[in-house]
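A quick write-up on the structure given underneath.
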Amino acid sequence: MLFALGHHRRSRLTVITALVTLFTFPLILGVDSASARRKRSRKAVIPYRSILLLEANTGKALKAKNERLPTKPASIVKMMTALIAMEQIHRNIIHLDDIITTSRSASRIGGQQVYLKQGEKFSLRDLMKSIIISSANDSSYAVAEHIAGDAEAFVDLMNQRAKELGMTNTRFVNVNGLPPGRNKPTNQMSARDAGILARELIKYPLIMKWSATKNAPFRNGSFILTNTNTLLGRFRGMDGLKTGYHRKAGFSIVATAKRKNLRLIAVVMGSSHSRRRFKEARRLLAWGFTQYRWVDLSQIKKPERRQIKVLKGQKRMVRIRLKESVEALVKRGDGKRISMKVDLPEEIPAPVRNGQKVGRVTYELGGDKLGGVDLVAAEPVKKLGFFQSLFRFR
């Protein structure tokens, strides 16, 4: 009887355990499946198609991935539109005060715009501001027409300038980066080419002024231009330059910032989300400012010899100095590894001019040349006259 009762309890416990397992297993399986899906989803997300970090002055690439891969640049295209306009302004071919009448074609451009109406008149200055600050597609079209007569002719100018600049992975098909019609060729640009273009564009102070502007009035204040670069005011030193997006291109940005005497340019092409492109650009720039700095090599190491012997000079020795300071971009902490090679003769003949080259100093880091500077005479030394020579050697 007791055995039967125990057996009955064990059987009931077994049934309960089976039921619990039956009902909880799908839940556990569901949790595991959801976790697996999230992991697969995270793996599927592409943070970007290519990136590049440049030092603006030298164009040296500090970090890069797929930088030569042609991608769809979207509104990054407008950087070339702006560059051609600024170059023509610089050459006095066109002027910022030129009045541009909006054509029917310009008024019908879609996407990001300032809603130009056919027949409306604006100065080139106002349209350029709307391109740089607010990425206005219609303004880009109107400016292109003003410069080249029609947008197609302007595209030829864009491709020619890209070729001149060495942008080997770039093709322009329109002036604003909008996706073309079905089965038509698209705009293409690599991160490397976007960096080349950015280095040219930042040479113009007005471009930098506009690209650092968060908001500005347009159409007598009835329309407010809003900068598409949300890093402005949120990253120290940020003052430009251009964003780009359409569905097939993804989200891109060319961002530049300056701290002290170091300016960096970060390029992120084809990101999967708007916030991600800004995050990647911020990460690249922050890394660059942390890792690199410009150093005055002439202050780190100086030649031990401060003077050189003068043959047949009224002075036996002449003081020497570095002709000028010489700077180099180096990683922080590498200053102690910099070596110096001095090429200086034991003596030079008189006469010696003030500032005359007498030697050369070359700086290296790990076998790579960082730069060089001439050693020059710090004072003049006249040649001994005949009687002075006799007196000296008596």
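The values are calculated or read from the model by the stated rules, or taken from the named source; none is laboratory data. The model shown is predicted, which means the values in this text are computed figures rather than measured ones. Every residue, glycine among them, receives a Cβ derived from its backbone with ideal geometry; neighbour counts consider all protein chains shown.
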Exercise. Hey, among the residues in the range 250-288 that are buried (at least 19 other Cβ atoms within 10 Å of the Cβ) and among the aromatic types (Phe, Trp, Tyr), which one's nearest to the chain's Cα centre (by Cα)?
Worked result: Phe278
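Which strands (runs of 3 or more DSSP E) does the range 277-350 wholly contain that include 1 or more residues that are closer than 22 Å to Gly59 by Cβ and among the charged types (D, E, K, R)? Steps first, answer last, please.
On the way: elements: 292-296, 307-311, 317-322, 327-331, 338-343, 347-349.
Hits in the range 277-350: 292-296, 327-331.
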Problem set entry | Lone unmet requirement of (1) farther than 30 Å from Leu262 by Cα; (2) modelled with pLDDT of 95 or more for Gly385 | (2)
Problem set entry | Hits in the range 162-188 (condition: touching a helix residue (DSSP H, G or I) at 6+ places or on another chain (Cβ under 6 Å) and within 12 Å of Met79 (Cβ to Cβ)) | Leu165, Met167, Thr170, Phe172, Val175, Asn176, Gly177, Asn187
Exercise. Which of the residues belonging to the range 62-109 are without any contact (Cβ under 8 Å) to a residue 60 or more places away in the chain, in a helix (DSSP H, G or I) and of a type in the set (S, T, N, Q)?
Worked result: Gln88, Ser105, Ser107
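The rows are residues; the columns are (1) at pLDDT below 50; (2) out of contact with any Gly (no Cβ under 9 Å at 6 or more places or on another chain); (3) over 30 Å from Tyr292 (Cβ atoms); (4) surrounded by 10 or more Cβ atoms within 10 Å (Cβ to Cβ).
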site: Arg12; (1), (2), (3), (4): no, yes, yes, yes
site: Val20; (1), (2), (3), (4): yes, yes, yes, yes
site: Leu53; (1), (2), (3), (4): no, no, no, yes
site: Ile76; (1), (2), (3), (4): no, no, no, yes
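Residue by residue through the range 161-170, note down the ones that are surrounded by fewer than 17 Cβ atoms within 10 Å (Cβ to Cβ) and either touching a Gly at 6+ places or on another chain (Cβ under 7 Å) or at negative phi (or both). Break it down into steps so the answer makes sense when it comes.
So in the range 161-170, the residues surrounded by fewer than 17 Cβ atoms within 10 Å (Cβ to Cβ) come out as 163-166, 168.
Of everything in the range 161-170, those that are surrounded by fewer than 17 Cβ atoms within 10 Å (Cβ to Cβ) and either touching a Gly at 6+ places or on another chain (Cβ under 7 Å) or at negative phi (or both) turn out to be Lys163, Glu164, Leu165, Thr168.
Every residue, every condition in (1) more than 18 Å from the chain's Cα centre (by Cα); (2) modelled with pLDDT of 95 or more, yes or no:
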position	(1), (2)
Ala194	no, yes
Pro205	no, yes
Met208	no, yes
Pro217	yes, yes
Asp239	no, yes
Lys248	yes, no
Exercise. Can you pull out the residues in the range 148-160 that are out of contact with any strand residue (DSSP E or B) (no Cβ under 9 Å at 6 or more places or on another chain) and surrounded by fewer than 21 Cβ atoms within 10 Å (Cβ to Cβ)?
Worked result: Ala148, Gly149, Asp150, Glu152, Ala153, Asp156, Leu157, Gln160
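What do you reckon, is Glu145 within 26 Å of Gly110 (Cα to Cα) and either surrounded by 16 or more Cβ atoms within 10 Å (Cβ to Cβ) or modelled with pLDDT of 95 or more (or both)?
Yes; evaluated as a whole, the condition is true for this residue.
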For this session: For the range 258-275, name all the residues that are touching a Phe, Trp or Tyr at 6+ places or on another chain (Cβ under 7 Å) and over 17 Å from Arg332 (Cβ atoms).
Result: Val268, Met269, Gly270, Ser271, His273, Ser274
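Kindly establish whether Lys121 is of a type outside the set (A, V, I, L, M, F, W, C), out of contact with any Gly (no Cβ under 8 Å at 6 or more places or on another chain), assigned by TED's automatic domain parsing to the domain that holds Met208 and within 21 Å of Ile196 (Cα to Cα).
Criteria not met by Lys121.
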Exercise. Quick check: is even one residue across the range 314-321 farther than 30 Å from Glu55 by Cα, crowded, with 17+ Cβ neighbours inside 10 Å and either of a type in the set (A, V, I, L, M) or assigned by TED's automatic domain parsing to the domain that holds Arg259 (or both)?
Worked result: yes
